[in-house]
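The values are calculated or read from the model by the stated rules, or taken from the named source; none is laboratory data. Computed from a predicted structure; not experimentally measured. Glycine also receives a Cβ, built like all others from the backbone with ideal geometry; neighbour counts cover every protein chain displayed.
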Amino acid sequence: MKILVRVKPSAKTSEVVKISEGQYRAKVKAPPKENKANVELINAISEYFNVPQAQIHILKGLKSKTKLIEVIVKQVSVNRGGAH
């Protein structure tokens, strides 16, 4: 899935918040220097969607506050147990 993320670097806390379908706002502690904010953003999105960092790619906006990000979410079937 592709999402649009507005990033606020050098924030006091790191968090990801859903604004609307496909749009998110993220705060990261890292400064926007030497790709540090992008690395922390990928980590925060990884935790938010519970996917490995390798499944998250910044498609557009490497040097911008607004980024187009692809999150590869594999469908998983959940076995909830119980009687059949």
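Quick notes on this structure:
- Scanning region 1-23 for residues that are surrounded by fewer than 13 Cβ atoms within 10 Å (Cβ to Cβ), touching a residue at least 12 places away in the same chain (Cβ under 8 Å) and charged (D, E, K, R) yields 2, 12.
- If you go through region 21-47 and keep only what is in a helix (DSSP H, G or I) and under 14 Å from the mean Cα position of the chain (by Cα), you end up with 37, 38, 39, 40, 41, 42, 43, 44, 45, 46, 47.
- Considering region 35-69, the residues that are basic (Lys, Arg) and either in contact with a Phe, Trp or Tyr (Cβ under 9 Å, 6 or more places away or on another chain) or exposed (fewer than 15 other Cβ atoms within 10 Å of the Cβ) (or both) include one that is modelled with the highest pLDDT, namely 60.
- Residue 4 assigned to a helix (DSSP H, G or I) and either modelled with pLDDT of 95 or more or not β-branched (Val, Ile, Thr) (or both): no
- Hey, residue 77 over 11 Å from the mean Cα position of the chain (by Cα), surrounded by 13 or more Cβ atoms within 10 Å (Cβ to Cβ) and either modelled with pLDDT under 95 or not in a helix (DSSP H, G or I) (or both) or not: no
- Taking the criterion of being out of contact with any helix residue (DSSP H, G or I) (no Cβ under 7 Å at 6 or more places or on another chain), modelled with pLDDT of 95 or more and surrounded by fewer than 16 Cβ atoms within 10 Å (Cβ to Cβ), the only residue of region 24-34 that qualifies is 25.
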